[in-house]
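A.B. asks: One structure follows; several queries about it will come next.
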Amino acid sequence: MDMLMKINQDVLLPLLDLLTTPSMGFPSGVQTRTAVCLKTLSLMALICLRIGKEMVQQHMADTLRRFFAVFSLLHSLQPQVYVVHCLCYAVAGQCPSQSCGRKLNVTYELGVLEELQAVFNPEMAHASYIPFYCLIGRKYPGLCQIRKPYPAETSPFPSGTFGSHLVGNRIQVSRDTDYGGSPNLGLANSWGRPNLEDSALKQELPRSGRSLQGNWLAYWQYEIGLNQQDPHFHFHQIRLQSFLGHSGTTKCLAPLAGEDYFLSGSKDKTVKLWPLYNHGDGTQEVEPRLTYNDHRKSVFYVGQLEASQEVVSCDGTVHLWDQYTGKQIRSYEAVDGKNPITAVTSMPAPHCSVVFGSADSVLRFIDPRKPGLQHEFRLAYNNLSAGLIRYLAVSPSGRTVAAGFSSGFIVLLDARTGLVLKGWPAHEGDILQMKAAEGNLVISSSTDYTLTVWKDLENKPIRQYKSQSDPIHAFDLYGSEIVTGTVANKIGVYSMADISLSPVSSTKLSSENFRGTLTSLAVLPTKRLLLLGSENGAIRLLA
């Protein structure tokens, strides 16, 4: 809502003041003012479509009223223009030396007024009123108070009230109406006659398949009222979309930069690329845009190498492939067949390295631009092996890599020097998942039912949360909050800034919105949405 008010005050109202000012002409006159006016109308129509009737009634009434008032204003000024014009010539005839300056000033003002009348003419009234009538309806109180653009005696429309005589969803305009050949609404060819069908202000806009409806509409009506600076993740269990295509358990999810697409890896040996566009009313089932089929085993990791825009996926062999064509670029087998690759991650941009760990506690770095291995480090702390590497997490700066082991041990490595900075027994059970965050933080979950936040070189955890029923096997970060999921289909939100060890919120997924057992989770931080993968292969998008 704050953003809507800001757009209204900082963009729309100044634009309308500029468009309707009688004291300043536009470069190229009518053409430029018409082009800016049509763009402004398109913007207002799309905002009204996005926020819905109720929000328009509350927050856009004054803006729409100010725009439509210019038609009545220009009509009331029209007789005065001719009077001033006649007086100007009368004065010029009596005293040319005294009237030069006055004549120039009056002529300039008349030129601007004529420009306004050429822009805000019957054609513009028709093109602007139709979409707002379709979007809002006649019962909209703000629009009902707007005076019709032309009085009944001079209106180009056959009905007594502007917009009251409709044929289908259009106003019936008289065939013999003369627009004077004005170059207004030049949308199609050389500023000629209007082509409303190609305009963003189509009469059919509310009936478009892209219109928000059902759960999507309910979600945006709620979302538009939130403070954009709100740091909390709000989960209301609103189902927005379903992604069906995997025949096996969804083991990993990875949103791409921009959050227009996301990747999923599955036990069915495939990786799929899915579009994240608003479709339908919440029941829409989306098909994958692309499927990668070169894996021979269950895929347990998928991610994007941001620096080169390539996809990294692993089933025990690391695959690099093109996200646009689905073709493999390179693959990396385990060095020793007895010690398969067990964990993979990619370095943040501008780094181009992929990091993977194996069952022999060895961490290896590869650069897809070069052949062979880039670095190889053995993660034995105090000459003791901690078991096989379960999970890897890279700091946002790319300076450190944290490795979580099957024994519950965590080892922190300096990625620049290869030196082990620290190793500590973090959990009493197997590490399930790890994430690294700003401020040198490492977050880890384990089979010992704990979720722990660590400061990289400190001995004690900053926060430790205890799950009462099930271990937290999947989580993601949203600012200073941790969004978690368990096999009992419970979604929890924990705050790293709050000293309380209990979750901020806890929600049990209903069978109507999510079927199966939760196996993977990913947060879309910009859109504030949640992707949930299940053991039956289905993926749901919830708000």
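A.B. asks: Would you please give the FRET efficiency between Leu43 and Lys338, computed as 1/(1 + (r/R0)^6) with r the Cβ-Cβ distance and R0 = 45 Å, to the nearest 0.05? Display every interim value, and only then the final one.
C.D. replies: Details: r = 63 Å, r/R0 = 1.40.
The computed FRET efficiency comes out at 0.10.
A.B. asks: Hey, can you find the accessible area per residue of region 398-536 for me, probe 1.4 Å, expressed in square angstrom? Write down the numbers at each step before the final one.
C.D. replies: Numbers: 5680 Å² over 139 residues.
Spelled out: the 1.4 Å probe surface of region 398-536, per residue, equals 41 Å².
A.B. asks: Follow-up. Please report the orientation-averaged projected area of region 424-493, defined via the convex hull of its C-alpha atoms, in nm².
C.D. replies: Details: hull surface 17.5 nm².
Spelled out: convex hull of the Cα atoms, projected over all directions, averaged, 4.4 nm².
A.B. asks: Now for a separate question. For region 338-485, compute Rg over Rh where Rg is the Cα radius of gyration and Rh is the Kirkwood radius from the inverse mean 1/r over Cα pairs.
C.D. replies: We get a ratio of 0.95 for region 338-485.
A.B. asks: In sequence order, what are the phi-derived ³J(HN,Hα) couplings for region 336-344 according to the Karplus relation 6.51 cos²θ - 1.76 cosθ + 1.60 with θ = phi - 60°, rounded to whole Hz, with x for glycine and proline?
C.D. replies: 10, x, 7, 10, x, 6, 10, 8, 9
A.B. asks: Further question on the same structure: Could you report region 227-300's accessible area per residue, 1.4 Å probe, as an integer in Å²?
C.D. replies: Details: 3490 Å² over 74 residues.
On a per-residue basis, 47 Å².
A.B. asks: Would you mind computing, in nm to one decimal, how far apart the modelled labels at His234 and Lys327 are, each placed 7 Å from Cα along Cα→Cβ?
C.D. replies: The two pseudo-label positions are separated by 4.8 nm.
A.B. asks: Which percent of the accessible heavy-atom area of region 214-542 goes to carbon and sulfur, probe 1.4 angstrom? List each step's numbers first, then the result.
C.D. replies: Numbers: 6820 of 14200 Å².
The nonpolar share, carbon plus sulfur, comes to 48 percent.
A.B. asks: A follow-up question, please. In region 330-430, which GluC sites (Glu not before Pro) fall in coil by DSSP and have 11 or fewer other Cβ atoms within 10 Å?
C.D. replies: Those that pass, being in a loop and sparsely packed, are Glu333.
A.B. asks: Rg to Rh for region 214-542: what is it, with Cα atoms only and Rh by Kirkwood? Display every interim value, and only then the final one.
C.D. replies: Working: Rg = 19.2 Å, Rh = 20.2 Å.
Ratio value, two decimals: 0.95.
A.B. asks: What number do you get for region 296-418 when its Cα radius of gyration is normalised by 2.2 N^0.38 Å, N = residues?
C.D. replies: Details: Rg = 13.8 Å, N = 123, 2.2 N^0.38 = 13.7 Å.
Against the compact-globule rule of thumb, the ratio is 1.00.
A.B. asks: Considering amide H positions built from the backbone, and no H for Pro or chain starts, which residues 5 or more places from Leu363, or on another chain, come under 5 Å of its amide H?
C.D. replies: For Leu363, the qualifying residues are Phe377, Arg378, Leu379.
A.B. asks: Can you give the relative contact order of region 324-386 as a percent, counting alpha carbon pairs under 8 Å and 6+ residues apart? Provide the component values of the computation, followed by the final result.
C.D. replies: On the way: 83 pairs, mean separation 12.7, N = 63.
Result for region 324-386 is 20 percent.
A.B. asks: Under the definition of Cα pairs under 8 Å and six or more residues apart, what whole-number percent is the relative contact order of region 396-514? List each step's numbers first, then the result.
C.D. replies: On the way: 263 pairs, mean separation 16.4, N = 119.
For region 396-514, the relative contact order is 14 percent.
A.B. asks: What are the ³J(HN,Hα) values, in whole Hz, obtained from phi via the Karplus relation 6.51 cos²θ - 1.76 cosθ + 1.60 with θ = phi - 60°, for each residue of region 266-271 in sequence order, with x given for Gly and Pro?
C.D. replies: Listing the rounded values in order: 9, 5, 7, 6, 10, 10 Hz.
A.B. asks: Which value, in Å² and to the nearest 10, is the accessible area of His375 when all protein chains are kept and the probe is 1.4 Å?
C.D. replies: Its heavy atoms expose roughly 80 Å² to the probe.
A.B. asks: Largest first, what is the accessible-area ranking of Met24, Met347 with a 1.4 Å probe? Please report the intermediate quantities before stating the final value.
C.D. replies: Working: Met24 85, Met347 10 Å².
Sorted descending by solvent-accessible area, the residues read Met24, Met347.
A.B. asks: Another one. Return the long-range amide H neighbours of Gly282 (sequence gap of 5 or more, or a different chain), with a cut-off of under 5 Å between placed amide H atoms.
C.D. replies: Asn215, Trp216
A.B. asks: Leaving out ligands, DNA and RNA but keeping every protein chain, what accessible area does Tyr261 have, in Å² rounded to the nearest 10, with a 1.4 Å probe?
C.D. replies: Surface open to solvent at Tyr261 totals about 60 Å².
The values are calculated or read from the model by the stated rules, or taken from the named source; none is laboratory data. As the structure is a computational prediction, the values presented were derived from the model and not from experiment. Every residue, glycine among them, receives a Cβ derived from its backbone with ideal geometry; neighbour counts consider all protein chains shown. Surface accessibility is based on the protein's heavy atoms, side chains included, excluding ligands, DNA and RNA. Shrake-Rupley method; radii C 1.70, N 1.55, O 1.52, S 1.80 Å.
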